[in-house]
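Trainee: One structure coming up, written as structure tokens, with questions to follow.
The values are calculated or read from the model by the stated rules, or taken from the named source; none is laboratory data. Quantities reported herein were computed from a predicted structural model and do not represent experimental measurements. Please note: Cβ atoms are built from the backbone with ideal geometry, for glycine as well, and neighbour counts cover all protein chains shown.
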Amino acid sequence: MARIRHYYTELTPSMARYLVHSTHDNQTALLADVGLKPRPWQAFAGTAGMVNVVNGAIAGVFAGVMLKVVIGSTVSLAVTFGILAFAVSNWCLWQHHTRSWASAEHKLKVLFPNVPDSDGEARIG
């Protein structure tokens with residue numbers, strides 16, 4: 001959408017004052033356009049992050065049940081092992097998710113980066 005807005009402002013520069021959102025397509029401009037700053041926990045805010053948590057919960061339950069059935073351990077040990085499996089699974093999925101997004105973002109070519117103001121701050125509009 002930022003690229004389309006940028007195209008419109010190239011066609012008719014006077015249109016820029018009517019556009020509320022950014023006409024720049026780099027990561028900083030896109031996040032600032034929606035009022036966000038880069039944070040490591042953003043991976044859990046999207047659909048992929050929620051699926052990671054559900055998959056981790058399933059892995060934790062499966063690991064706990066398997067420990068209880070196969071070894072015949074106590075319930076408390078199975079629950080502890082399940083929680084550990086949940087945490088490890090979520091960490092691994094989060095790492096994969098983060099690397100995949102970073103790889104995809106590096107493949108995108110930024111055509112219209114935002115321009116720094118005289119004070120060094122990036123101008124969004």
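Trainee: Kindly evaluate PHE44 against the criterion of being modelled with pLDDT under 85 and either among the hydrophobic types (A, V, I, L, M, F, W, C) or surrounded by 18 or more Cβ atoms within 10 Å (Cβ to Cβ) (or both).
Mentor: Judged against the criteria, PHE44 is a match.
Residue by residue, here is whether (1) in the same structural domain as TRP101 (by TED's automatic domain parsing); (2) within 25 Å of THR98 (Cα to Cα); (3) at pLDDT below 95; (4) in contact with an Asp or Glu (Cβ under 6 Å, 6 or more places away or on another chain) holds:
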| position | (1), (2), (3), (4) |
| --- | --- |
| GLY49 | yes, yes, yes, no |
| ILE58 | yes, yes, no, no |
| VAL61 | yes, yes, no, no |
| VAL65 | yes, no, no, no |
| SER73 | yes, no, yes, no |
| THR80 | yes, no, no, no |
| LEU84 | yes, yes, no, no |
